[in-house]
Amino acid sequence: MVNKKFTGTGVAIVTPFRKDDSVDFNSLTKLIEHLITNNVDYLVVLGTTGETPTLSKDEKKAVTNCVIEATNRRVPVVVGIGGYNTQEVINKIKKTNFDEIDAILSVAPYYNKPNQKGLYTHYQTIASISPVPVIIYNVPGRTGCNISAETTLRLAHDFTHQFVGIKEASGNFAQIMKIIQDKPDDFLVISGDDAITLPMISAGASGVISVIANAFPRQFSDMVRYALAMKFDEARAIHYKLLEVIENLFIEGSPAGIKAALNILGITQNHVRLPLTTVSRSTYNRLAELIKSI
C-alpha cells in the first residue's frame with residue numbers, strides 16, 4: 001500500500017553549502033548515506049529545512065537528482081513542490097520527471113493568506129494533475145494561514161487516491177485529533193514537529209517528517225518505531241533524551257540549528273544562505289555539549 005511508504009520516520013534533509021555559498025554535493029551524498037544506513041523510512045528533499053527558497057531552479061533540479069542517485073531506490077523519495085501561485089505549482093509539477101519520485105510534499109500557499117475555499121481549490125487543482133500521491137503540508141507559523149481540520153478532512157475524503165496524508169505542524173492538538181478521528185483509514189497524519197511527535201503518535205499519528213533525524217536518524221527512528229508499536233516506555237526514554245537537543249536546534253531558527261549539529265558531527269559545513277545566519281557561539285557550544293552526552 002502507498003501509505004505504508006510514508007509511515008515512520010521521514011527526514012526533511014538539509015541542503016549542505018560550502019563557505020562560498022555553492023551546494024556541497026559531496027556532503028549531501030554523505031548525509032544520505034548517514035540517514036539510510038541508520039534506518040530512516042524515507043527522505044524529503046526541497047522542504048523548508050532544505051532552504052529551498054534560496055535555491056535556483058537549476059540547483060533544485062541538481063539537488064533532487066543527487067538525492068535520487070544517492071538513494072538508489074533504497075527508500076522512498078518525496079519532493080517539495082509548493083508555493084503561493086497555484087498555476088506556477090502546476091507548471092512545476094508538469095515539468096518534473098517523477099520516474100524515481102514517490103510523492104509530493106506541497107506546502108499551503110503562503111504570504112497571500114487564502115481562505116479555506118481557496119486552500120481547498122488550490123489542493124484540488126494539484127490533485128487533478130499530479131502523477132504521484134500528494135502530502136499536504138500545514139505549517140501556519142511559516143505560511144500565515146492554517147488549513148482547518150474541516151478542509152483537510154474534505155480533501156482527504158474527496159480525493160482518497162490523490163492525497164496520502166498531511167504533514168501537520170500547526171501544534172494545535174484539538175485540530176490534529178479532529179483530523180485523526182474523522183479521516184479515512186488510509187490517510188496519514190504525519191507530525192511536522194519533532195518535540196511533539198511522541199504525543200501525536202499516541203493520539204493516532206503515523207510518524208514524522210523530522211529535522212533532528214538529520215543528526216540522530218537511528219535514535220529518532222527507533223523512538224518512532226517504539227511509539228508506533230505502542231512500546232511507550234521505550235519511546236519515552238529516547239524522547240526525553242533528545243528533547244533538549246530538539247529545543248536547542250530551533251532556538252535560533254531552522255535549519256541553522258540542525259546545520260550546526262551536522263557540523264559538530266562532521267557531516268556538513270556550518271553554513272546557511274542569507275537571509276538565514278548561523279547560530280550563535282553559545283548555542284553551538286551548547287549543542288556540542290548535548291551531542292557529546294548522547
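Please work out the Kirkwood hydrodynamic radius for segment 140-294, using every pair of different C-alpha atoms, and report it in angstroms with one decimal place.
On the way: mean 1/r = 0.0599 Å⁻¹.
Value: 16.7 Å, from the Cα pair sum.
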Sorting check: for 209-216, 131-138, 34-41, 234-241, which peptide has the highest mean count of neighbouring beta carbons within 10 Å, and how do the rest follow?
209-216, 131-138, 34-41, 234-241
Students often check this: by mean Cβ neighbours within 10 Å, which of 55-64, 257-266 ranks highest, and how do the rest follow?
257-266, 55-64
Step by step: find N for segment 214-294, compute 2.2 N^0.38 Å, then divide the Cα radius of gyration by it. What's the final number?
1.17
Considering only DSSP beta bridges where both residues belong to segment 2-238, give the percentage that are antiparallel (nearest 5).
5 percent
Which entries of K30/K241; K57/K94; K4/K259; K61/K95; K5/K241; K60/K92 show an alpha-carbon separation above 18 angstrom in the structure shown?
K30/K241; K4/K259; K5/K241
Along its three principal axes, how long is the chain when you only count alpha carbons? Whole Å, largest extent first please.
48, 46, 35
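Dipole of the chain, Cα-centred, from +1 at each Lys and Arg C-beta and -1 at each Asp and Glu C-beta, to the nearest 20 debye? Can you show the working numbers first?
Details: 30 positive and 28 negative charges, 53 e Å.
The dipole of the chain has a size of about 260 debye.
Rg/Rh for segment 20-159 to two decimals, with Rh computed the Kirkwood way over all alpha-carbon pairs.
Numbers: Rg = 15.6 Å, Rh = 16.0 Å.
Taking Rh as the inverse mean 1/r over Cα pairs, Rg/Rh reads 0.98.
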What translational diffusion coefficient, to the nearest whole µm²/s, does segment 62-128 have by Stokes-Einstein, given a Kirkwood radius computed over alpha-carbon pairs, a temperature of 25 °C and 0.890 mPa s viscosity?
188 µm²/s
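Each reported figure results from applying straightforward, stated rules to the coordinates on display, with no laboratory input. Note that the structure is predicted; figures quoted are calculated from it, not measured. No Cβ is skipped: glycine too gets one built from the backbone with ideal geometry, and neighbour counts run over all protein chains shown.
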